[in-house]
Amino acid sequence: MSDSAVRNLTALFSRIAEAMESAEDRLSDLDGAIGDADHGISMALGFKAVVAELSHPRHDLSSASAVMNVVAIAFLNAVGASIGPLYATAFRQAAQSLAGVQEIDRAAITIMLQAIATGIRERGKGQRGDKTMLDAWLPAAEAAALAQTRNLVGPAFWQEVVSAAEHGANATSSMVAVRGRAARVGERSLGHVDPGAASAVIILKAMAEALPAV
Ligand SMILES: [Mg+2]
């Protein structure tokens, strides 16, 4: 039984859901510039559903891994758009990466971020520079691994992770989308931050707020 890990993760997803609700309009506006303006709605809906499912007594929440499996299914059931399967795969991979983990410490966060980034990359068959959320997730995962080897802890660790994600997300405004709905507008996607990269930054900031002492 890993009570503290389970508590940490459920608190984390509550924080993400709050942050996503606050950012809903901004994310949908970003999506409106290059897509169908539903990204904020999808993300807010998805994490709201995650929080609801995590409070449901029918679920096995006996480990960090079990929590992440519930998160994956809840997100997938709530979000039909392409973002649903992408994050569901990411969270399922995160569940596997957390098998046996008793504590959400810096090492657990690092393997979880790597699993999320890998899950999204494999599911979406994308790469950096495609102007997607991978442009935030991949540098964030790399920064976490590097910060861990440099033995940075707490706020110093998160500072590296969040700023790598922000830098990656900001860089998407000078990219032309080659994947997803934004690819249809081609060159017109220039000058706009990818909404998926922007919401990835929101998730990572919420992680830093919910788990400051890793
Ligand atoms: Mg959209």
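About the Cα centre of the chain, how large is the charge dipole given +1 on each Lys and Arg Cβ and -1 on each Asp and Glu Cβ? Please answer in debye to the nearest 20. Write out the running numbers ahead of the final one.
Numbers: 18 positive and 22 negative charges, 92 e Å.
Charge dipole, the chain, about its Cα centre: 440 debye, nearest 20.
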- Once Lys and Arg are counted +1 and Asp and Glu -1 for all other residues with Cβ under 12 Å from that of Phe47, the total becomes -2
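What does the extension gain come out to for Asp36 and Ser163, with contour length at 0.36 nm per residue minus their alpha carbon separation?
Stretched out fully, the Asp36 to Ser163 stretch lengthens by 42.9 nm.
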- Measuring from label point to label point, each 7 Å out along Cα→Cβ, what is the Ser4 to Asn151 span in nm? 2.1
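Using a Förster radius of 22 Å, what is the FRET efficiency between Gln127 and Arg181 based on their Cβ-Cβ separation? Nearest 0.05, please.
That pair, Gln127 with Arg181, gives E of 0.75.
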- Message: Please compute, over every Cα-Cα pair in the chain, the percentage with a separation greater than 32 angstrom.
- Response: 11
- Task: Normalising by the residue count of the chain, find the relative contact order in percent from Cα pairs under 8 Å and 6+ residues apart.
- Result: 23
- Task: State to the nearest 20 debye the size of the charge dipole of the range 1-122 about its Cα centre, where the only charges are +1 on K and R beta carbons and -1 on D and E beta carbons.
- Result: 360
- Exposure proxy order (Cβ contacts within 10 Å, fewest to most) of Ser199, Ser97: Ser97, Ser199
- In whole angstrom, how far apart do the alpha carbon centroids of the range 82-154 and the range 1-29 sit? 16
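Would you kindly work out the equivalent ellipsoid of the range 1-120 from its C-alpha gyration tensor and give its semi-axes, the square roots of five times the eigenvalues, largest first in whole Å?
Working: eigenvalues 128, 44, 31 Å².
Taking √(5λ) for each Cα gyration eigenvalue gives 25, 15, 13 Å.
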- Task: Kindly put Lys205, Lys131, Lys125, Lys48 in sequence by how many other C-beta atoms sit within 10 Å of each C-beta, fewest to most.
- Result: Lys125, Lys48, Lys205, Lys131
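All of the numbers you see were taken from the coordinates with simple rules; none came from a lab. Keep in mind the model is a prediction, meaning the values are calculated, not measured. Here Cβ is always computed from backbone atoms with ideal geometry, including for glycine, and neighbour counts include all displayed protein chains.
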